[in-house]
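Worksheet: the structure to be examined is printed underneath.
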Amino acid sequence: MKNRTLGNGFIFFMLAVLCMSIFFGCSRDKFFKQPKLRIISAELLELPAELTKLQVTAKVINQDRKAATVKKITYTVRFTDDNITSEQMQYEENIEIGGMDNVTQTFPLTIKTAGAVKLLKKLEQGQTLAYEVTGEFVIENALVGTITLPFSVAGEALVEIGYESFFQQPLVAVNNYAVKHINFSGLPLPLPVSVDMTADITVTNLSVYGATISEVEYLVKVNGIAAVQSETYGDDAAEPELTLGPFDNDAGNPSDTEILAAMPFTMPASVATLFIGKSGQNVSVNYEVIGTFTATATIGLEEIEFNLPLNVAGTTMVAVP
């Protein structure tokens, strides 16, 4: 009886040793399925200089039934259309993820600006960009401890960046409004039908990149009333391009300001009546100017063309001759 008991204990001991041998003899990463990282979208984190710093939104996908803590992710992104590769990145904030679950998280991504601009020249904001991500997850689990798992995935991400994102919105002021001519209907009862006006548009560059503004489309509103039509500066060859130098505090030239003088527009009769009988006076009005600048700039060794919004409002005095 005693020998049989010792025999059973010996068998149990050998089974335990065998299980431990299997567990420790195999690589521990075999006990946890490889996670995935899927990029959803990318947006600009700050205005770029030599490097473009992006923020990508991605899903960390746990393909294993066991919950885990992602301790660190090391990753490199390659945009496959042009073979543009990011810097090697690390994310070291704990991500708790349940078994067979996913977590949406934002991650930093840095690319040389020359490469970022090269990519965007082929795309418009809102389109998708093919990518490959390779790297490693460092995962902690109560059963398997801390393990490192390599990963490699491919997919398409939504691009939420336009050229406008690379160029800080300039400071725009509209002033020196003036009445040039009030247009009346014919006899026998002349009535005001419209008024020709002008205003100066002052543009101050706040970007680290110089730019050339080739065209300005604008619509003026006075006291909430829209002009007869929108106007375009730059259609006429006699209208020169506007060249803005870069914002540069170190050079003692914090910004470059240029003026588009006497920009014309025509307001309807309801505005013309404001100036009847006010010759030699200044008349207070509320104004709004909306439109776009068409500009070119060299960013990351690439010359790009893009649009910047024009939207400025306020109260001003209009000089009536």
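Among the residues of the stretch 50-76, how many are assigned to a loop (DSSP other than H, G, I, E, B) and closer than 19 Å to residue 144 by Cβ? Within the stretch 50-76, residues that are assigned to a loop (DSSP other than H, G, I, E, B) and closer than 19 Å to residue 144 by Cβ number 6.
Looking at the stretch 217-314, what strands (runs of 3 or more DSSP E) fall wholly within it and have at least 1 residues that are acidic (Asp, Glu) and under 33 Å from the mean Cα position of the chain (by Cα)? Break it down into steps so the answer makes sense when it comes.
Working: elements: 231-233, 242-244, 256-268, 282-299.
The qualifying strands (runs of 3 or more DSSP E) are 231-233, 256-268, 282-299.
The single residue among 231, 302 that is in contact with a strand residue (DSSP E or B) (Cβ under 8 Å, 6 or more places away or on another chain) and surrounded by fewer than 19 Cβ atoms within 10 Å (Cβ to Cβ) turns out to be 231.
In the stretch 268-284, the residue that is surrounded by the fewest Cβ atoms within 10 Å (Cβ to Cβ) out of those that are in contact (Cβ under 8 Å) with a residue 60 or more places away in the chain and out of contact with any Pro (no Cβ under 8 Å at 6 or more places or on another chain) is 268. Within the stretch 248-265, none of the residues are in contact with a helix residue (DSSP H, G or I) (Cβ under 9 Å, 6 or more places away or on another chain) and either loosely packed, with under 13 Cβ neighbours inside 10 Å or in contact (Cβ under 8 Å) with a residue 40 or more places away in the chain (or both). Here residue 159 qualifies as crowded, with 16+ Cβ neighbours inside 10 Å, of a type in the set (A, V, I, L, M) and closer than 28 Å to residue 246 by Cα. Residues of the stretch 258-282 that are more than 30 Å from residue 212 (Cα to Cα) and in contact with a Phe, Trp or Tyr (Cβ under 9 Å, 6 or more places away or on another chain): 272, 281. Would you check if residue 132 is outside the structural domain of residue 305 (by TED's automatic domain parsing) and assigned to a loop (DSSP other than H, G, I, E, B)? For residue 132, the condition - outside the structural domain of residue 305 (by TED's automatic domain parsing) and assigned to a loop (DSSP other than H, G, I, E, B) - is not met.
Residues 69, 76, 85: which one is over 20 Å from residue 154 (Cα atoms) and hydroxyl-bearing (Ser, Thr, Tyr)? Before you say what the answer is, go through the steps one by one.
Working: 76 fails: over 20 Å from residue 154 (Cα atoms); 85 fails: over 20 Å from residue 154 (Cα atoms).
Criteria check complete, one pass: 69.
The values are calculated or read from the model by the stated rules, or taken from the named source; none is laboratory data. Model, not experiment: these values are computed from the prediction. Neighbour counts run over all protein chains shown; Cβ positions are idealised from the backbone, glycine included.
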